[in-house]
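Trainee: So that we are looking at the same thing, I have put the structure below in structure tokens.
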Amino acid sequence: MPGRAKAATGNQKNLPPDLAWRVEVLFRSKATLPAGAEVHVGPRMPSKISGYDQVSITYTSSGTTSAPIPFLLSRDGKSLVQFNQFDISADPRTMVSESNRPARGGPESAPVSIVVFDDLECPFCARLNATLFPAVLDRYKNQVRIVYLDFPSPGHPWALRATVDVSCLATQSTNGYWNAVDTIHARAAELGGTERSLAKVNDSLDEIVRQSGAQQHVDATVLNACIQKQDTASVEHSREQGLGLQVQVTPTFFINGARIEGAVPIDFIFHMIDTALLAEGKTPPPAAPDAQGQ
């Protein structure tokens, strides 16, 4: 029977047959239903939206019933509304965990946090590392804190090795970690010399990290043991966090929780950081002269 519903209980109230029919007709006109599907319009229930009740619609086809699809029905029975409600009560910055990671720029209390999912074999990541992020730090100083999270692509032969190596150094020296990251990004095309075999590239990566560690006077025995072990647990944890945030490509980064993917103009990045600063009650630095048309 069109618009049929189970008996209502408590503060629920079945729709009159004519109203249930109008709801069903509209639903059928908007939804792509399987052939022969039966539509079931549920009873009115209280909603949090003034002037509207909630109704749920399901459909049954070949013995299988769909999950309930919620709608709002105006009290006068003239309007059917569907909308999505999202919880925005949480601080967006908490969506991405950056705990125990080396950082550049400001302290943990910096008003703007930029969390980057980075792949050390990714040419676009290398470009951002060489140009965009230095420009950001030059403009915003300690107002911005930058953290890299590991997201090596399975399609990049030596990305995982590079990530594990620099992570070994990160446990002892933040400066050593960033020096190694900068060097690997800058020299990615020449790693391994003329031979370019994976074994040679891996040797080059290990040497870059060892040299960076020596410059920072880290414990070489501890560093070498970590490089030799090649424990990927922390990398996999970082990848899982990225996948949970629907990260699919690098670079993907989050400015106080706002997601940005791929190559974008620096002016747009500045705009997003300025907006994030204002949201934190902070004043952005003056626009650069060329941005003011001078």
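Trainee: Count the lysine pairs in the chain whose Cα atoms lie under 26 Å apart, taking only pairs 8 or more positions apart in sequence or on different chains.
Mentor: 11
Trainee: Give me a comma-separated list of calculated 3J(HN,Hα) values for segment 56-61, in order, Karplus coefficients 6.51, -1.76, 1.60 applied at θ = phi - 60°, integers in Hz, x for any Gly or Pro.
Mentor: Coupling constants for segment 56-61: 10, 10, 10, 9, 10, 9 Hz.
Trainee: If you take the Cα Rg of the chain and divide it by 2.2 N^0.38 Å, with N the number of residues, what do you get?
Mentor: 1.44
Trainee: Rounded to the nearest 500, what is the 222 nm mean residue ellipticity of the chain from helices alone, with -39500 (n - 2.57) per DSSP H run of 4+ residues and division by all residues?
Mentor: -11500 deg cm²/dmol
Trainee: Work out from phi, with θ = phi - 60° and the Karplus expression 6.51 cos²θ - 1.76 cosθ + 1.60, the ³J(HN,Hα) of each residue of segment 63-75, listed in order in whole Hz, and give x for Gly and Pro.
Mentor: Here the 3J(HN,Hα) series is x, 10, 9, 5, 5, x, 10, x, 9, 10, 10, 4, 4 Hz.
Trainee: Once the Cα atoms of segment 1-114 are picked out, what are the Rg and Dmax in Å?
Mentor: Every Cα atom of segment 1-114 included, Rg and Dmax give 21.8, 66 Å.
Trainee: Need one number: nm distance between label points at Q228 and N84, each 7 Å from Cα along Cα→Cβ, rounded to one decimal.
Mentor: 5.2 nm
Trainee: Would you mind computing Rg(Cα) / (2.2 N^0.38 Å) for segment 17-81, counting N as its residues?
Mentor: Working it through for segment 17-81, the quotient is 1.12.
Trainee: Taking 0.36 nm per residue of separation and subtracting the Cα-Cα distance, what length does fully extending N100 through I69 add? If you can, show how the numbers build up before the last one.
Mentor: On the way: separation 31, 0.36 × 31 = 11.16 nm, distance 4.24 nm.
This chain segment gains 6.9 nm when fully extended.
Since every read-out is calculated from the coordinates, none of them should be taken as a lab result. All figures in this text were calculated on a predicted structure; none of them were measured in a lab. A quick note on method: Cβ atoms are made from the backbone with ideal geometry, for glycine too, and the neighbour counts reach across all protein chains shown.
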